[in-house]
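Take a look at the structure set out below.
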């Protein structure tokens, strides 16, 4: 499929979890994808995820004392965990591919931290009703980063009204405040994401939990759309079947979309396009591979390629070989308008202070240019212009998740999936 090996490693681990879920009584792919109400079955799924590397706890005694015994049909004294906690753990692994938890039920592992007055931590009640998420999908959580936002938005569709989530002040400070329908938010330390059910006895959302997994046929249409939109080609039968089977078995769409975004094939397409759009020429023979190697080393990201070219000496020389001509070209090429003399003088001053690369970054990260790039993505992937609310939301997140994150989010959306069925119908 010409995708990065690390993506397939994730899917192999994920497939092990799905296989175990089927073994303990989860419905087949054609039926409703409901999470079990059985603590033992849920714990068995978590054990399987742990064995494949998709689920870890720190400290390890959380897993040893609160999960493993339940998977064996036992519960250690004082170690019971609310079934909703187990359900959420399984759902998050299924959605994001991996999970590390730093706190569940404290007395069970010999900790009485904040169990008494004045705090009376929810981590101390029996059965345990709280989760501290440390890492989701390979990304550490701090209460406010992009992965944290995605987690809370996902959980808000799953958990009952009255569920609590901490770290509200972390999101406010980062400019990522959330309005959540079912989750009440409060302040907590910015080194994890806390969620608890202290104020509600209601079950998880049955509508969301009962959503069916896509069929191989529907997934095939989605995969063909991804190949065309990212790689500008039709996939082989084997490529289509490989990805479609993963999706039909429960692999998350954003994991598949990320596989395309981070593939070498797509990166080389982006590099070649930047040569043409920014420098106005075809790449030299070794250029694309040199840039790709820099991406592999982590020196730059896929999203950095255009700004790197705009900041290059070649681009500078093409546009007057002077600061004023360089600034004028940024207005023309990025803002699509002519710059006034005062505007040019303003940015020339900053070139003298900080250099051309810094000035390019200010243009690239401006609301005006971000809005234009988002609008182009909407048109390409969804076939429409963004609505004002959607545009404002994405502009706010763009600096956190980058253009690649925006592409992945749009092409893993329900709207994109539904549109793919009409664009590339499969028989």
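Would you tally the residues in the stretch 349-360 being surrounded by 16 or more Cβ atoms within 10 Å (Cβ to Cβ) and in contact with a helix residue (DSSP H, G or I) (Cβ under 6 Å, 6 or more places away or on another chain)?
The first filter runs over the stretch 349-360 and keeps only residues surrounded by 16 or more Cβ atoms within 10 Å (Cβ to Cβ), leaving 351, 356, 359-360.
Next, only the ones that are in contact with a helix residue (DSSP H, G or I) (Cβ under 6 Å, 6 or more places away or on another chain) stay: 351, 359-360.
Adding up the residues that qualify gives 3.
Could you tell me whether the stretch 55-72 includes any residue that is free of Cβ contacts under 8 Å to residues at least 40 places away in the same chain, surrounded by fewer than 21 Cβ atoms within 10 Å (Cβ to Cβ), assigned to a loop (DSSP other than H, G, I, E, B) and more than 27 Å from the chain's Cα centre (by Cα)?
yes
Residues are listed down the side, and each one gets a yes or a no for (1) at pLDDT 95 or above; (2) assigned to a helix (DSSP H, G or I); (3) under 22 Å from residue 259 (Cα atoms):
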residue: 351; (1), (2), (3): yes, yes, no
residue: 357; (1), (2), (3): yes, yes, no
residue: 362; (1), (2), (3): yes, yes, no
residue: 380; (1), (2), (3): yes, yes, yes
residue: 391; (1), (2), (3): no, yes, no
residue: 394; (1), (2), (3): no, yes, yes
residue: 403; (1), (2), (3): no, yes, yes
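Between 251, 225, which is within 17 Å of residue 93 (Cα to Cα), in contact with a helix residue (DSSP H, G or I) (Cβ under 6 Å, 6 or more places away or on another chain) and either assigned to a loop (DSSP other than H, G, I, E, B) or modelled with pLDDT of 95 or more (or both)? Steps first, please.
Details: 225 fails: within 17 Å of residue 93 (Cα to Cα).
Answer to the selection: 251.
Here are some residues: 195, 139, 158. Which one is crowded, with 20+ Cβ neighbours inside 10 Å and closer than 27 Å to residue 399 by Cβ?
Residue meeting the stated conditions: 195.
I'd like to verify a number: residues in the stretch 289-307 that are closer than 17 Å to residue 358 by Cα, crowded, with 17+ Cβ neighbours inside 10 Å and in contact (Cβ under 8 Å) with a residue 40 or more places away in the chain, how many?
Number of matching residues: 3.
Sort out which residues of the stretch 230-247 are assigned to a helix (DSSP H, G or I) and buried (at least 20 other Cβ atoms within 10 Å of the Cβ), and write them in order of number. Break it down stepwise before answering.
Step one: filter the stretch 230-247 for residues assigned to a helix (DSSP H, G or I), giving 230-231, 237-247.
Across the stretch 230-247, the qualifying residues are 230, 240, 243, 244, 246, 247.
Which residues, taken from the stretch 166-194, are part of a strand (DSSP E or B) and within 19 Å of the chain's Cα centre (by Cα)?
193, 194, listed by residue number.
Identify all residues within the stretch 304-348 that are over 19 Å from residue 281 (Cβ atoms) and outside any helix (DSSP H, G or I); write none if there are none.
322, 336, 337, 338, 339, 340
Take residue 346 and tell me if it is over 30 Å from residue 229 (Cβ atoms), surrounded by fewer than 14 Cβ atoms within 10 Å (Cβ to Cβ) and at pLDDT 95 or above.
yes
Cβ-Cβ below 7 Å, separation at least six or inter-chain, first residue in the stretch 364-389 and on the phi > 0 side of the Ramachandran plot and surrounded by fewer than 18 Cβ atoms within 10 Å (Cβ to Cβ), second at pLDDT 95 or above and part of a helix (DSSP H, G or I): which pairs?
Here the result reads 383/419, each pair linking the stretch 364-389 to a residue that is at pLDDT 95 or above and part of a helix (DSSP H, G or I).
Please enumerate the residues belonging to the stretch 258-286 that are closer than 19 Å to residue 360 by Cβ and in a helix (DSSP H, G or I).
270, 271, 273, 274, 275, 276, 277, 278, 279
Any chance you could count how many residues in the stretch 126-136 are under 26 Å from residue 95 (Cβ atoms) and part of a loop (DSSP other than H, G, I, E, B)?
Total satisfying the criteria: 2.
The values are calculated or read from the model by the stated rules, or taken from the named source; none is laboratory data. Since this is a predicted model, take the numbers as computed values, not measurements. Please note: Cβ atoms are built from the backbone with ideal geometry, for glycine as well, and neighbour counts cover all protein chains shown.
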